[in-house]
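Everything on this sheet refers to the single structure shown next.
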Amino acid sequence: MSGKRTNTRLDHELRQAFFEEGQRLDAAGDPEANCWLCHQPIDYTAGQGTTPDSHNLDHYFTVSEHPELQSDPDNFRHSHTLCNQQRGAGAPALDLGEQMPPWWL
C-alpha cells in the first residue's frame, strides 16, 4: 500500500471543518482545542501552518503507515505546526509528567 497523500476537494473540506471545530472549541475554552502533542494552546488566529504556534492537522496514525485513514476525522488531531513537524512520521513523545523528587522515593 502506498503512503502517498491525496489532496481532493473532500480532503480540503474535512481539514477545514476540523480547523473550524478547533476554533469553536478554543473559543469555548475547551482543552480539546490544544495541541495533542504538547497540550499547549494553539494560535487559531494565525493562518494554518504559517507560524510554529499555528494550527496544523496531525494524524494519530501516520499517513505513511495507514494511508487508508488519511481522510478519517477520527484520526485527526489538533497540533501546533512545529510540534507536528518535530513528530514527523514517528510516534509521539509520551509526556509522563514530572519525575518524583528524590526525597519522595
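The simple spin-label model puts a point 7 Å past each Cα toward its Cβ; for residue 13 and residue 60 those points are separated by 2.4 nm.
Average projection, convex hull of the Cα set of the range 1-71: 5.0 square nanometres. Got a number for carbon plus sulfur as a percent of the range 5-64's accessible area, 1.4 Å probe? Summing carbon and sulfur atoms, their accessible area is 51 percent of the total for the range 5-64.
The values are calculated or read from the model by the stated rules, or taken from the named source; none is laboratory data. From a predicted model like this one, the values you see are computed outputs, not experimental measurements. When we count neighbours, we look across all protein chains shown, and the Cβ atoms used for this are built from the backbone with ideal geometry, even at glycine. Protein only, heavy atoms only, side chains kept; ligands, DNA and RNA dropped before computing areas. Shrake-Rupley method; radii C 1.70, N 1.55, O 1.52, S 1.80 Å.
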